[in-house]
Each structure stands twice: as structure tokens, then as C-alpha cells.
Amino acid sequence: MSRFLVALAAVLLPTLALADVDPRFAKLRDESEPLGGLGAFLEKYVGACEGALVDPQCKAQAEAFRKKYQGKQLYMIVTEDDANMLAPGPYSPATGEYTINITPFFPGGRYAMTHGTPKKTDANGNPVMPLLTVTGTLPEGWNIQMFSRMFSMRGVRAQVVFTPQSVWSLPKKGGGKNYGVTARIDGLLVSEGRTGGQLGLWLNGKDANARR
């Protein structure tokens with residue numbers, strides 16, 4: 001994204017009030033191990049042990065790495081440039097309530113981390129994942145056009161706490177297999193990139209902002 005568009009977004013979009021992180025998510029985050037890079041983690045967790053030049057200890061090293069992280073919660077930040085799994089959903093003009101759709105597929109290098117195990121691929125060979133959703137209400141002075149513009153101009157990010165569980169594989173288009181890591185997402189916070197203003201929270205398997 002060019003510097004011009006970043007500057008333009010700052011001019012066109014009003015600022016959400018800076019909000020403290022929800023204490024429920026903060027507790028999860030603070031009790032988790034920060035992840036330096038998703039791609040490097042997935043590479044070691046999956047363990048690409050194929051080909052003539054592979055280290056004979058590859059499989060043993062991968063198994064030891066998976067055992068090390070069994071049941072352990074990890075924390076990562078998905079920056080604005082990489083948050084393609086976030087998209088605006090339905091909006092109610094009468095109430096100002098919006099929905100954010102989250103495709104729980106987080107790519108990192110050759111692999112991806114998913115919430116649950118994908119069972120099939122689409123026509124392009126990409127794993128099909130059921131959407132997660134979070135809701136919220138637009139603050140005074142906002143409208144749906146401003147809200148949607150945050151996504152189109154890469155103005156949202158996500159913080160994710162997850163627990164890796166296993167390795168999955170699916171047939172690859174053209175032959176071979178795609179691999180990834182099945183995880184349980186324990187908490188996912190969607191926020192505005194500039195201010196950190198909370199837009200939605202998915203926690204313990206449900207929309208934590210939903211009206212009860």
C-alpha cells in the first residue's frame with residue numbers, strides 16, 4: 001500500500017476512540033507465548049520431510065517441536081497489510097450495528113494455520129473454511145461507507161490467541177498435497193489499526209460483543 005493511500009485514509013476516516021483492550025482478551029494474551037513469526041513456526045510444526053536432501057532427523061525434530069507446543073497457547077498480531085481474512089459483513093442502518101466476517105485461515109510462508117480442520121478445497125484449490133463473525137455498533141459520526149473503507153484501505157488488524165493441535169493435509173490442485181496446522185482459536189480481537197479501537201471480539205467460540 002502506497003504512503004499516499006495511507007495518508008489519504010488518515011484524512012478520510014474519522015478516528016475511533018482509543019479503547020483499552022477487553023480484559024478477557026488481555027488475560028488470554030498475557031498468559032500466552034508471543035509468536036515471533038507464523039511462517040517459521042508453521043515450517044517447524046509441519047516438518048517438510050520429503051525429498052532426497054532432507055535431514056534424516058527431520059521427522060523426529062518435527063515431532064519433538066509439536067510435543068513442545070502441545071496444549072500451549074500462542075499469541076500473534078496480524079498487521080493491516082496481512083489481514084485479508086477480515087471483511088465487512090451485514091450492516092443495519094436502523095441500529096448502526098455491523099458484522100465483521102473472519103475467514104479463520106492464517107497463511108504463513110508455505111503453510112497456514114486454521115481454526116479447525118478444513119475438509120475440502122474450492123475451485124482454486126484453497127481450503128474452504130466456515131466463517132467466524134463478530135459484531136459491534138458504529139460510533140456517532142460514522143456510516144457504513146466509512147466502515148467499509150477501513151477494510152478496503154487496509155485499516156484493520158487482528159490479535160489472535162490460539163492453541164496448535166495437529167497437522168492437516170488436502171489434495172493440491174495439479175497434484176501433491178497442501179499442508180497446514182489445525183488450531184483452536186481461543187480469542188481474536190479485531191481493531192482499527194491507527195488507534196487500537198476495538199471493533200469486535202471473538203472469544204471462547206462465540207462473538208463476545210453480541211447482544212444477549
When only alpha-carbon atoms count, how far does the chain stretch along each of its three principal axes, as whole angstroms with the largest first?
61, 38, 34
Please give every one of the aspartates and glutamates within straight-line cross-link reach of Lys27, meaning a C-alpha to C-alpha distance under 18 Å, and leave out same-chain neighbours fewer than 8 residues apart.
Asp186, Asp207
Spatially proximal lysines relative to Lys172 (Cα-Cα < 26 Å; intrachain offsets below 8 disregarded)
Lys44, Lys59, Lys119, Lys120
Of Leu188, Gly141, Tyr98, which is farthest along the charge dipole of the chain in the positive direction, counting Lys and Arg as +1 and Asp and Glu as -1 at C-beta?
Leu188
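Give me the 1.4 Å probe accessible area per residue for the chain, excluding ligands and nucleic acids, in Å². Before the final figure, lay out each step's value.
Values: 11550 Å² over 212 residues.
With the other protein chains kept in place, the chain gives 54 Å² per residue.
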If you stretched the chain out fully between Thr121 and Ser148, how much longer would it get, using 0.36 nm times the residue separation minus the C-alpha to C-alpha distance?
6.9 nm
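The values are calculated or read from the model by the stated rules, or taken from the named source; none is laboratory data. All values derive from a computational prediction rather than experimental measurement. Backbone-built Cβ (ideal geometry, glycine too); neighbour counts: all protein chains shown. Calculation scope for accessible area: heavy atoms of the full protein, side chains included, ligands and nucleic acids excluded. Shrake-Rupley method; radii C 1.70, N 1.55, O 1.52, S 1.80 Å.
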